[in-house]
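To start, the structure itself, in C-alpha cells.
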Amino acid sequence: MSGLLVPCHVKSTVALKVGDMRTSQGRPDVLVVDVTFPNVAPFELQEIMFKNYYTAFLSICVPQHTPLHTPSKWVTCLRDYCLMPDPHSEEGAQEYVSLFKHQMLCDMTRVLELRLILQQPSPLWLSFTVEEAQIYQQGPKSPSLTFPKWLSHPVSNEQPVPSLEGLPDPRVSSEVQQIWALTEMFRASHSYTRMGRFDMDGCYDLNLLSYT
Amino acid sequence: MLQEESDLSLVIAQIVQKLKGSNLYAQLERQAWACLQRPEIRLESLKEDIKEFFKISGWEKKLQNAVYSELNVYPLPSHPSAPPEHLKEPLVYMRKAQGSWEKRILKSLNSMCTELSIPLARKRPVGEQKELLNKWNEMGTDEPDLSLFRPVYAPKDFLEVLINLRNPNYENGDSLSFRTHLGLIQVPLKVKDIPELKECFVELGLTTGQLGIDDSTQVPPELFENEHVRIGQKVLVQQDSAAAQQYIRQGSPTALRAELWALILNISSQPEDILYYEQLKTNVIQHDLLVDSLIYKDVKLTASNDDYYFVFEDYLYQVLLCFSRDTSVLGHFAYNSASPPKSYIRGKLGLEEYAVFYPPNGVIPFHGFSMYVAPLCFLYHEPYKLYQIFREMYVRFFFRLHSISSHPSGIVSLCLLFETLLQTYLPQLFYHLREIGAQPLRISFKWMVRAFSGYLATDQLLLLWDRILGYNSLEILAVLAAAVFAFRAVNLMEVTSLAAAEAVLADLSTLKVMPLLQIFLFATVT
C-alpha cells in the first residue's frame, strides 16, 4: 500500500434489475456501490484495495469534470475486471485485491467520487459484494523510496591498480582494510539458530489441551 | 509492469529471509571465508571472484536447489493486507470448518486423557530412560497394553465432516440445477477436467516413454529403459533439483530412486542433520507422550499387519516418535489450514508465557498415519535419512490429505476431482452406484487419504509417488482412483449393494498404475 489512506464513505449497494421489481424472480446480478469522499478535496487516486466476496467482474466509473450547471458524465476507468476466473467456482471468491492508477483507462488526478459496478452472473451465489474498501492517494515522496542508484545496484569496484615495480604493494593496506570491514560485517549479522526446545526448562508437564 | 516487479521483489525478499535461517546459509558463509585463501580470489574483485568460485565448486547449484525448493513448497506471498490466516486458507467457511474439526479432535484426546488417567506428557524416570535407550532398535518387540487406547479418528470420520461441508453463500437448495453435485462433496471448488489434466500431465502421454509401462519384460530395454537410466545418472551427477523433478515424471529407475527423491526434496544429510535427529531421539527418551501410545497402536494395527511393511516396524517407531518431538514441523502451519493444538504448563493455565504446543510438532496422528512412512523404508535404511525424507514429504504433501482446505491438492479438491471425473466420463457407472447406495467416494476416500499406501503393491506405489514428486501435486491420486473405477466398471455395473462394490474394489494389489493412468487420461474416447 503506497500513499495515504483517504477516508471514504461507502454508500449502501443498489441492485439493478430489469423489469418490475415486485414480480421479478431471482437475485440481482449487478450491484452498484457509490463511494464518496466527504470533506476531502479532489485528489489523485493511487490505489484501490478491497476484499472480494464472490464478485465476478468489477467496473469502476468516475464522474468526468464538466462545467457547472451541466449534469456530470460518468466515465469508465475500469471495465469488466475479472475477479473470479470461473464465476461458478470458488477461485478468487474471497481474495484481497489491489487496483492501481496505471490500470485505469482514464485520468485519475482529480477524483471526487467513485462508482463500483459489481457483476456476478452465476445464479449459484446467494449474495456478493466487496468488503473493506480502502482508497489511497498519492503520498508524499518518502526518503526511503528514492535510493541513490549506487546503493540499490552496487557495482563491484574492479579498478585494477597498476603495479609499480620495486615499490611495496600499495594494495596491502587496502586489503587489510577490506578484511577488517568484512569481519565487522560478519560479526554484526546474527545467525538464526533453530529453536529446538519444546519444553520449559526441562518441564513438559501439561494440563489438558486448550480449545481457544 | 510496476506490479509484477514489486511482486517479484517480494518473492525474492521472502526467499532470502527463509534461507538466511538455514544450514545452507551458514555453509555458504564458511565456504566464502575459506575460499579467501585461494589464489584466484583477488580483493579488488572480491564479490565477483567468490561468485565464480561458488559456480565452479557446485555451491551455486546447491543454492539454486534451495531456492527451487522454497518456490515449490511455500505459496507465493499474497496481498500485503491479507492476514496470516488468509495464507493458511483463503475461504472463511473452510477455516471455520477446520477449526470445528480440530476442536472435536482435541475433545476426543482430552477425554481419552481423563478417562484413562494418563497425562498428556510425562518425564520418564531415569531407569525407564535407560531401558528405552537399550531397546531403541527393537521397540517392536515391546508389547505394551494398548487395548484401552483408540485412534483419535479414522478416515471415515473425516469423510463425514467433508460431506457436511457447506458454503453458506452457496445455493444449496433441494431443487436440481445445472450445477447440482450428485456426489458427496457439495462445495464448488475449481477442479480440472480431462483436457486440462492431459495438458498438466503431458509426460504421461502415449508417445512418451514411462517406467511402469515401457520397462516391462516384453519391451526391449534399448527402446527406452537404458537411455532413461543413463539420463537419470547424468541428472544425479549434475545435482540439479529442477532437472530431477522433470526427469522423474517418467518414473525413476529403482536403483536411482532414493537419491533422486533426496535431490528433489533437497535433502542432503549433513552432520548437523544427524545431530538434530539424535537430539530428537533424546527428547523421546526423556519425555513420554500420550501421542506415543497412539503411534504404537497405529503401527500395530496397520503396518505390522501388512505383508510388505511388517519388517519395518522398528523403523516406523524410530521415525514417528521423533517426528512428534520435532518443532521445526511447526513451520508448515504457516501454509496449512490446520493449527497446532495448544496447552499450558500445569498450574499456569492461561499464562501465555507458559503456552506450549502439543505434541511438539503440532500433528496428532490418526488411524493409518504410519502408512505414510512405511513405503519409504524400502528406499532409506539409515534412520536419520528416512526421517528427513518423511518429514519433508509430510510438510510438502501429506498434510494436505487430512486438513480441510481449498487448495487444488487438498483432500476436498481431490474428492471433488474424483467425483467429477467419474460423473463426467463414466456417467452410467456413477449413476448406477449412486442408485444402489454405493457413492463411489465412500470407497475411494481411504485410498486417497493414504496416498494409496497399503493398497497398491509397493513397486507400483513408488511409481505413483514418483509422479507426485515430479508434478508437485496430489491430483494424480484422484485421477488414479477414477481410473481404477473405470478399469473395474464392468464388474461394478453388476453389483447391487455397497458391500458388493467394496468387495470388487477390495484388492488393488495386482493393479499396474501407469497403464491405468495412461488409458484413463489419453486413451479413453470422450
Mind checking the mean number of beta-carbon atoms from other chains within 10 Å of the Cβ atoms in A:92-104? 4
Helix-only [θ] at 222 nm, chain B, -39500 (n - 2.57) per DSSP H run of 4+, per residue, nearest 500, equals -16000 deg cm²/dmol
Here the equivalent ellipsoid of region A:69-135, derived from its Cα gyration tensor, has semi-axes (largest first, whole Å) of 27, 14, 11
In whole Hz and in residue order, list the ³J(HN,Hα) couplings for region B:44-56 that follow from phi through the Karplus curve 6.51 cos²θ - 1.76 cosθ + 1.60, θ = phi - 60°; x for Gly and Pro. 7, 10, 3, 4, 5, 5, 5, 4, 5, 4, 4, 5, 6
For peptide B:351-357, compute the average count of partner chain beta-carbon atoms within 10 Å of each residue's beta-carbon. 2
Have a look at region B:53-180 and give its Rg and Dmax from the Cα atoms, expressed in angstrom. 24.2, 69
With a 1.4 Å probe, what is the total accessible area buried between chains A and B, in Å² rounded to the nearest 100? 5800 Å²
May I ask you to give the solvent-accessible area per residue for the protein assembly as shown, in square angstrom, as obtained with a 1.4 angstrom probe? 49 Å²
Mind giving me the nanometre distance, one decimal, between the label points for A:T109 and A:N39, set 7 Å out from Cα along Cα→Cβ? 2.8 nm
Spherically averaged projected area in nm², based on the convex hull that wraps the Cα atoms of chain B: 30.6 nm²
Rounded, prolate or oblate: which fits region B:290-360 when a ≥ b ≥ c are the square roots of the eigenvalues of the alpha-carbon gyration tensor, with rounded for a/c under 1.5 and prolate only if a/b beats b/c? prolate
Find how much the distance from B:E196 to B:N134 grows on full extension, using 0.36 nm per residue of separation minus their present alpha carbon separation; answer in nm with one decimal. 16.9 nm
Of all the Cα-Cα pairs you can form in region B:393-526, what percent are over 26 Å apart? 18 percent
Can you list the residues, at least 5 places off or on another chain, whose amide H is less than 5 Å from the amide H of B:Y358, using H built in the peptide plane? B:K342, B:S343
Using the structure shown, list the pairs from A:K17/B:K88; B:K135/B:K297; B:K18/B:K103; B:K55/B:K88; B:K234/B:K446 with a Cα-Cα distance above 26 Å, or answer none. A:K17/B:K88; B:K18/B:K103; B:K55/B:K88; B:K234/B:K446
Using r as the Cβ-Cβ distance of A:V6 and B:Y431, and R0 as 56 Å, what FRET efficiency do you calculate, to the nearest 0.05? 0.50
Net length gained if the chain between B:Q17 and B:S216 were fully extended (0.36 nm per residue, minus Cα distance): 67.0 nm
In vacuo Debye sum over C-alpha of the protein assembly as shown, base-10 log of normalised intensity I(q)/I(0) at q = 0.05, 0.06, 0.10 Å⁻¹, listed in q order, is -0.33, -0.47, -1.21
Could you work out how much longer the chain between B:T207 and B:S177 gets when fully extended? Use 0.36 nm per residue separation minus the Cα distance between them, nm to one decimal. 6.8 nm
Would you work out what percent of the accessible area of the protein assembly as shown, with all protein chains in place, is carbon or sulfur (probe 1.4 Å)? 57 percent
Applying a 10 Å radius around every beta-carbon, put B:69-76, B:462-469 in order of their mean neighbour count, most first. B:462-469, B:69-76
Enumerate by residue number the GluC sites (Glu not before Pro) in region B:213-314 meeting two conditions: DSSP loop (anything except H, G, I, E, B), and at most 11 other Cβ atoms within 10 Å of the site's Cβ. B:E222
Amide hydrogen neighbours beyond the local backbone of A:L126, cut-off 5 Å, H modeled: B:Y170, B:E171
When only DSSP loop residues count, what GluC sites (Glu not before Pro) in region B:75-170 have their Cβ near at most 16 other Cβ atoms within 10 Å? none
Accessible area of A:M200, 1.4 Å probe, to the nearest 10 Å²? 60 Å²
Give me the one-decimal nm value for the distance between modelled label points at B:Q286 and B:A457, 7 Å along each residue's Cα-to-Cβ direction. 4.7 nm
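The values are calculated or read from the model by the stated rules, or taken from the named source; none is laboratory data. If you're wondering where the values come from, they're calculated on a predicted model, not measured in any experiment. Here Cβ is always computed from backbone atoms with ideal geometry, including for glycine, and neighbour counts include all displayed protein chains. What goes into the accessible areas is simple: the full protein's heavy atoms, side chains included, and nothing from ligands, DNA or RNA. Shrake-Rupley method; radii C 1.70, N 1.55, O 1.52, S 1.80 Å.
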